[in-house]
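Any read-out appearing in this document is the output of simple, stated calculations on the displayed coordinates, not a laboratory observation. Quick caveat: nothing in here was measured; it's all calculated off a predicted structure. As a convention, Cβ positions derive from the backbone with ideal geometry for all residues, glycine included, and neighbour counts pool all protein chains shown.
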Amino acid sequence: MGATKKRRQTKHRGNAAGMVETRGRTSSGGASTGSSGARGPRIPQPPSWQKAFTKALIPFVLLLVLMPFLAKDRSFAAIIPLALFAYVFYVPISFYSDKFVYERFVKKSKVAVDKAKGKA
């Protein structure tokens, strides 16, 4: 019986700036290389009220679950109006923050297209 091959240990040493540099891969890529870079940038979707209502459900449910533990002196019936108020408060915040991000993306992409047309 032959001995099992022991994999060579790689050295992880920091440089003078404290950065740890590792050796690069020497094998040919395969299926796993470049998976994150191949997708490209994330493109935001246009805002919608339906998405805003769905996103606001997360803090609503968290409040319903956590408030009985955090505010032990209040009954669950007193916590429900608080959570509903937070839900109503979070819906427009979610919508307008999505709208801001989407409009900023559209504006940046339009500027990039205009620059590319100007240079060509």
At R0 = 25 Å, FRET efficiency that the Cβ-Cβ distance of Thr54 and Ala112 yields, to 0.05: 0.25
If r is the Cβ-Cβ distance from Leu84 to Arg104 and R0 is 30 Å, what FRET efficiency results, to the nearest 0.05? 0.45
Is the shape of the stretch 46-120 rounded, prolate or oblate, going by the alpha carbon gyration tensor and its root eigenvalues a ≥ b ≥ c, with a/c under 1.5 for rounded and a/b larger than b/c for prolate? prolate
Kindly state, to the nearest 0.05, the FRET efficiency for Ala3 paired with Leu66, given R0 = 41 Å and r defined as their beta-carbon distance. 0.15
